[in-house]
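Since the structure comes first, as C-alpha cells, the remarks are kept for the end.
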Amino acid sequence: MKFHECRGLNISLSNDGKAAARTHGFSNGIVFSSRPIRPNEVFTILIEEIQPDWSGNLRCGFTWENIDRHFEVPEYSLPGMTNQGKTRVIALPTKIAISDELKDEGSPKHVLLDEGTTIGLKYNLKGQIHLIINHTDLGPVVQNVLINQDVYAIVDIYGSTTKVKVLSPEVQPLHEICTVALSRLVPKAKISALPLPRKFIKSLQSSM
C-alpha cells in the first residue's frame, strides 16, 4: 500500500510513495490511497512529523470520487471535497479520549495525536466509517459511504500534522473476507437459507 500520485499541490511523496509530507503552507495537503479500499479493510497511517506552530489537525476518511491523475484536488478536504457529495471526512482533534474498560475500569484515557500515533480507518457494509487510534477501534464515527463504488482512503495533511506514512495493511480475518464476498453475491433475504453455521448467518445479516 502507498499513496496515489494524484495529490495536493503542497505534497511531496517519498519512500516509494509510502510517505507524504506537506512541504509548505497549511493547506493543499490532500493524499489518497493508491488503490480502492475494500469493505472492512483497515487503512493505517503513522504520524511522523508535527509542526506545533500551526493550528488544526489531520483530516481523514473515504471518497468515491474518480481518483486519477486528471482529478483536480481541492485545497481542503473539509469543506472542499465533502461539498461535492462523494466524500466523508473526520476532522481529528489534537487529543482524543479512549475508554478501556478492561484496563482502566471504564475511565477514559486521553491520547495526544502526536508523532508516533497510528490512525486506522475502515468502512463496513453499512457504509459506516470506524476510527482506530493506536489499534483501538473507537467504533463508527461517520456514515453514508457509498460502498458499491471504488472507495479510496483520503488523508488531508492539514494544520499541525506535516508528514505521515502508510503502514502495511493488516491481514483481514477470514470471516470478514467471506462476509464481504457473500454480501455481494447473495441477497439479504436469502442469507438465512445458506448451509452455514447459524452464528455466522446472524453475523452476516447484522452487517448488511
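Odds and ends about this structure:
- If you filter the stretch 150-171 down to residues that are surrounded by fewer than 19 Cβ atoms within 10 Å (Cβ to Cβ) and over 18 Å from Asp16 (Cα atoms), you find that the one that is modelled with the lowest pLDDT is Val171.
- Residue list for the stretch 122-141, filter: assigned to a strand (DSSP E or B) and buried (at least 18 other Cβ atoms within 10 Å of the Cβ): Lys122, Tyr123, Ile129, Leu131, Ile132
- So Gly56, is it under 11 Å from Gly159 (Cα atoms), touching a Phe, Trp or Tyr at 6+ places or on another chain (Cβ under 8 Å) and part of a loop (DSSP other than H, G, I, E, B): yes
- Residue in the stretch 59-72 that is among the basic types (Lys, Arg), buried (at least 21 other Cβ atoms within 10 Å of the Cβ) and touching a residue at least 12 places away in the same chain (Cβ under 8 Å) present: yes
For (1) more than 18 Å from the chain's Cα centre (by Cα); (2) at pLDDT below 95, each residue gets a yes or a no:
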{"residue": "Val111", "(1), (2)": "yes, yes"}
{"residue": "Leu125", "(1), (2)": "no, yes"}
{"residue": "Gln128", "(1), (2)": "no, no"}
{"residue": "Val141", "(1), (2)": "no, yes"}
{"residue": "Leu146", "(1), (2)": "no, yes"}
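- Where Ala20 falls short, out of the listed (1) among the small types (Gly, Ala, Ser); (2) in a strand (DSSP E or B); (3) without any contact (Cβ under 8 Å) to a residue 40 or more places away in the chain: (3)
The values are calculated or read from the model by the stated rules, or taken from the named source; none is laboratory data. What you see is a predicted model; the values in this text were computed from it and never measured. Every residue, glycine as well, gets a Cβ built from its backbone with ideal geometry; the counts of neighbours run over all protein chains shown.
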